[in-house]
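In what follows, a structure is listed as structure tokens, so that the remarks can point back to it.
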Amino acid sequence: MGGGPESGAMPHVQTTSRNGAGVGLGFSVLFAVVFVVTSTVTRRIELSGAGFSQLWPAGGLPVLWLLLRQGRGPVVDSVLVLCAAFAANLIAGSDAAIAMAFAVANLVQSWLAVLLLRRWCPETWGCGGDRPLDTPRTVARFGAALAVSMAVGTALASVGAVLLPGAGDAFDPVASGLWFGRNLGSALIVVALGIMIFQRVTSPRPWPPLRGVDGGPSELLVATLFTIFMYGLAFSLDDLPLAFPLLAATVWYAARFSTLLSAAHSFVVGLATMMLTLQGVGPFARVDDPDVGFMIAQFYIATIALTGLAIATGRDERQALADDLRRAQEATAYEGSVRAAVIGSMTEGVLVVDERGDLLVHNEAAARVLGVGDELSTDTRFSLSSWTLDGVEMELHERPTARALRGERVENELMVVQVDGVGERVLTVSAIPLPRDERQGRTRALVLLRDTTNEHASRQELSAFAGVVAHDLRNPLAAIDGWTEMIADELDNGALDAQLAREFVSRVRSSSRRMRELIRDLLAHATSSSRDLEVGRVDVTAMVEEIVVARNAQAFVSVDAVPPVLADPVLVRQVLDNLVGNALKYVEPGEDPKISVHGCRSDARLVTIGVTDHGIGIPEEERERVFEEFHRAHYREYEGSGLGLSIVRRIVNRHGGTIEALPNPAGRGSVFRFTLPAFEA
Ligand code: ADP
């Protein structure tokens, strides 16, 4: 019977069985009646000289009865047991004194059996626990408790019979053996069967299948037919006392069906054996002395009861272990799949390595971060060269993995790695020591990797940017401070003349204008990268014309028809305004600017736009650098933030285009040529 391990793990079952086990007084009365009735029914026709009841299975009934009562009303139960046993023995033909002595012996052995069972099988239902008889070890203790108590009862009965007048000397060793065998055989079967039936009835549903898990219904039928056939044969062959093949039926039942069914089988064949032997039929009745034959039958029954229980519970125990193992394997497999799914879905690279350098676990992200595609292997770690951020090459033992393997916890450390064929990457690495793998005797470490190359670059860019911004904002501020201080000094001296005041104020205003422009450019710079592109048709010609009008520069700028582009109009306006503004600004002092804006479809997808001026031009070595943030080629003579062209390039790049600065082929000045996606109608 399965269910042992599960029910053992459920404490509430205990209560259920206890409540169920402590049956009421009605049960005691019922037991007493059954005791007396079975005693009468199974009364031996030819009484042995001992003159005690050979009743069976009533021998085990008092033990089951007291077990089920769980110590409720022990005095009443004792009196009832005593009366029932006394009556049974009287019916069996004992005289009153002997019947009383046997009844006392019966009562004592029953109480002793209950005490020993509670002590030795506390986990078993009815004995304090909630389990059926489900392990060979419990069965051994169960058998021992019954054997010891029955032996004590036998000794008491023997002494009583010898001392009391009436029993005479007829109470010989065979009679003692009969008493012992009768009680042990029936106790083994009746108590075991009773415990298992009550355990099953009181345990929570669904109950495990009564048949057990191995044998099917057809096998049950065949096994039953086999039993009937074997017993029929053994009990009908008068000349051949063949008892041992009968064991095969018990073994079959015990090996293939539930313990409960097997115990029921033992009960039925035991009962049949007893009844037939009482009638003088069968192999056990072949012995000359019917008492000895009867005794052999009793021990045969005890043997099949124990054999059946031992085999069935051994099978149950194996089954329970196999179930546990299967459940554990299923749980492990499930946990494994969850772990794999979790690790696989992480965007952080995860590696588990051991001290020998073997790569035990890795996810796709790790392979991606290390830039090795699917070929992440144990060797990858050693083929990577790594540096600290300061550019110092890291030895193997200094790397985070090695440190974690030595027990150190490394958190969010930046390092640079270089994989063959892939550029440098800045990784943020955490490495954590894992519990040692005791089976292989190796230390393991968990390594988490994040590719922070871009973050690192933008952080560095940001800090450089912040440095320049601070510097460029401080200059006009210092100028404002200086000029206002001078105004204050002059006022203190009471000699601020109007001309001078105008001069100072105009410088202050010019400084504050520079600051305003810088702040405006900084904002534009931020927008150029953070704004979400909202592309649409942009009429470049019309847009340039608007800009020129806004700058009041109609006299200096000519615009050709430029094909429409597909771009974000707000950002394209920023591009054109910056380029036209620069073209108007970078001219020789006193000279008029002369600018043309033109464009054409350069290929199927792109429109190339040019802004040509005749201004001062850009020295060749500066033509690339003017697109860097804050880089200014003519910083002395002209005011500016150095951000305009970097904004322009960023916007053009975000649209998938390119920009370059070229000398004007028509002589002095420059051409800024850039591409944007063409608008298809
Ligand atoms: P800013 O104009 O504020 O200095 P920009 O990023 O717009 O910053 O330009 C960077 C530098 O490129 C300018 O300082 C200037 O030296 C040079 N430059 C830009 N446009 C022109 C042009 N049309 N002609 C000559 N030099 C230019």
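The values are calculated or read from the model by the stated rules, or taken from the named source; none is laboratory data. This structure is a prediction, so every number in the text was calculated from the model and none was measured. Backbone-built Cβ (ideal geometry, glycine too); neighbour counts: all protein chains shown. The protein model used for the area step is the full one, side chains on, heavy atoms only, and it has no ligands, DNA or RNA in it. Shrake-Rupley method; radii C 1.70, N 1.55, O 1.52, S 1.80 Å.
Only residues in the range 634-658 that are in contact (Cβ under 8 Å) with a residue 24 or more places away in the chain and aliphatic (A, V, I, L, M) count as the first member; pair them with residues that are outside any helix (DSSP H, G or I) and within 8 Å of the ligand (Cβ to nearest atom), Cβ under 6 angstrom, at least 6 apart or cross-chain, and list the lot. Every condition considered, no pair remains.
This table checks each residue for (1) at pLDDT 90 or above; (2) not acidic (Asp, Glu).
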position: Leu477; (1), (2): yes, yes
position: Trp483; (1), (2): yes, yes
position: Ser506; (1), (2): yes, yes
position: Ser512; (1), (2): yes, yes
position: Leu522; (1), (2): no, yes
position: Ser529; (1), (2): no, yes
position: Glu534; (1), (2): yes, no
position: Thr541; (1), (2): yes, yes
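Based on what the data block shows, is Ser670 within 12 Å of the ligand (Cβ to nearest atom) and either open to solvent by less than 70 Å² (accessible area, probe 1.4 Å) or over 57 Å from the mean Cα position of the chain (by Cα) (or both)? Taking the combined requirement at face value, the residue satisfies it. Take the residues in the range 83-100 that are touching a residue at least 60 places away in the same chain (Cβ under 8 Å) and in a helix (DSSP H, G or I); name whichever of them is least open to solvent (accessible area, probe 1.4 Å). Restricting to residues being touching a residue at least 60 places away in the same chain (Cβ under 8 Å) and in a helix (DSSP H, G or I), the top hit is Ile98. Residues that are assigned to a helix (DSSP H, G or I) and open to solvent by less than 30 Å² (accessible area, probe 1.4 Å) within the range 203-229 comprise Ala223, Thr227, listed in sequence order.
Being open to solvent by less than 70 Å² (accessible area, probe 1.4 Å), within 13 Å of the ligand (Cβ to nearest atom), of a type in the set (A, V, I, L, M, F, W, C) and assigned to a helix (DSSP H, G or I) is true of Ile651. Which residues, taken from the range 654-681, are in contact with a Gly (Cβ under 8 Å, 6 or more places away or on another chain), in a strand (DSSP E or B) and of a type in the set (D, E, K, R)? Selection gives Arg673 alone.
Residues considered: Val148, Val174. Of these, the only one that is modelled with pLDDT under 85, open to solvent by 10 Å² or more (accessible area, probe 1.4 Å) and under 23 Å from Ile304 (Cβ atoms) is Val174. Applying the condition of being farther than 27 Å from His634 by Cα and either without any contact (Cβ under 8 Å) to a residue 60 or more places away in the chain or not basic (Lys, Arg) (or both) to the range 585-607 and asking which residue is surrounded by the fewest Cβ atoms within 10 Å (Cβ to Cβ) yields Ala604. Checking Gly610 against (1) modelled with pLDDT of 90 or more; (2) more than 9 Å from the ligand (Cβ to nearest atom); (3) of a type outside the set (A, V, I, L, M, F, W, C); (4) part of a loop (DSSP other than H, G, I, E, B), which single condition isn't satisfied? The number of the failed condition is (4). Kindly indicate whether Val562 is closer than 30 Å to Arg605 by Cβ and in contact with a Cys (Cβ under 9 Å, 6 or more places away or on another chain). So Val562 fits the description; yes. All told, Ala161 meets the bar of being assigned to a helix (DSSP H, G or I), open to solvent by less than 10 Å² (accessible area, probe 1.4 Å) and either at pLDDT below 85 or not assigned by TED's automatic domain parsing to the domain that holds Phe142 (or both).
The set of residues in the range 101-126 being outside any helix (DSSP H, G or I) and open to solvent by 10 Å² or more (accessible area, probe 1.4 Å) consists of Pro122, Glu123. Only a single criterion out of (1) under 60 Å from the mean Cα position of the chain (by Cα); (2) more than 11 Å from the ligand (Cβ to nearest atom); (3) free of Cβ contacts under 8 Å to residues at least 24 places away in the same chain is not satisfied by Ala678, namely (3). Among the residues of the range 178-226, those identified as outside the structural domain of Tyr300 (by TED's automatic domain parsing) and hydroxyl-bearing (Ser, Thr, Tyr) are Ser186, Thr202, Ser203. Here the range 309-346 is the region considered, the condition is being of a type in the set (Ser, Thr, Tyr) and free of Cβ contacts under 8 Å to residues at least 60 places away in the same chain, and the residue that is least open to solvent (accessible area, probe 1.4 Å) is Ser337.
Table: residues versus (1) near the ligand (Cβ under 7 Å from one of its atoms); (2) assigned by TED's automatic domain parsing to the domain that holds Ala583; (3) closer than 27 Å to Val469 by Cβ.
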residue: Phe630; (1), (2), (3): no, yes, yes
residue: His634; (1), (2), (3): yes, yes, yes
residue: Gly640; (1), (2), (3): yes, yes, yes
residue: Gly656; (1), (2), (3): no, yes, no
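Quick check: is even one residue across the range 435-450 part of a helix (DSSP H, G or I) and of a type in the set (Ser, Thr, Tyr)? Scanning the range 435-450 turns up no residue that is part of a helix (DSSP H, G or I) and of a type in the set (Ser, Thr, Tyr).
The requirement of being charged (D, E, K, R) and modelled with pLDDT under 85 is satisfied by Arg182.
For the range 617-628, the set of residues classified as more than 6 Å from the ligand (Cβ to nearest atom) and either outside any loop (DSSP other than H, G, I, E, B) or not assigned by TED's automatic domain parsing to the domain that holds Arg601 (or both) consists of Glu620, Glu621, Glu622, Arg625, Phe627, listed by residue number. When you go through (1) in contact (Cβ under 8 Å) with a residue 60 or more places away in the chain; (2) crowded, with 16+ Cβ neighbours inside 10 Å one by one for Ala234, which number turns out not to apply? Looking at each condition in turn, Ala234 falls short on (1).
Of all residues in the range 560-571, those satisfying the criterion of being more than 16 Å from the ligand (Cβ to nearest atom), outside any loop (DSSP other than H, G, I, E, B) and surrounded by 22 or more Cβ atoms within 10 Å (Cβ to Cβ) are Val565, Ala567.
For the residues Leu533, Leu500, Leu496, Leu518, the requirement of being in contact with an Asp or Glu (Cβ under 6 Å, 6 or more places away or on another chain) and free of Cβ contacts under 8 Å to residues at least 24 places away in the same chain singles out Leu496.
Within the range 385-402, the set of residues being in contact (Cβ under 8 Å) with a residue 12 or more places away in the chain, surrounded by fewer than 13 Cβ atoms within 10 Å (Cβ to Cβ) and under 20 Å from Leu434 (Cβ atoms) comprises just one member, Leu396. Looking across the range 584-638, the residues that are under 30 Å from Glu461 (Cα atoms) and touching a helix residue (DSSP H, G or I) at 6+ places or on another chain (Cβ under 8 Å) come down to Ile609, Val611, Ile618, Val626, Phe627, Glu628, Glu629, Phe630, His631, Arg632, Ala633, Tyr638. A search for C-beta distances below 8 Å between a residue of the range 549-561 that is of a type in the set (S, T, N, Q) and any residue that is part of a strand (DSSP E or B) and open to solvent by less than 90 Å² (accessible area, probe 1.4 Å), counting only pairs 6+ apart in sequence or on different chains, returns Ser558/Ile595; Ser558/Ser596; Ser558/Val597. Scanning the range 649-667 for residues that are under 58 Å from the mean Cα position of the chain (by Cα) and under 17 Å from Asp613 (Cα atoms) returns Ile659, Glu660.
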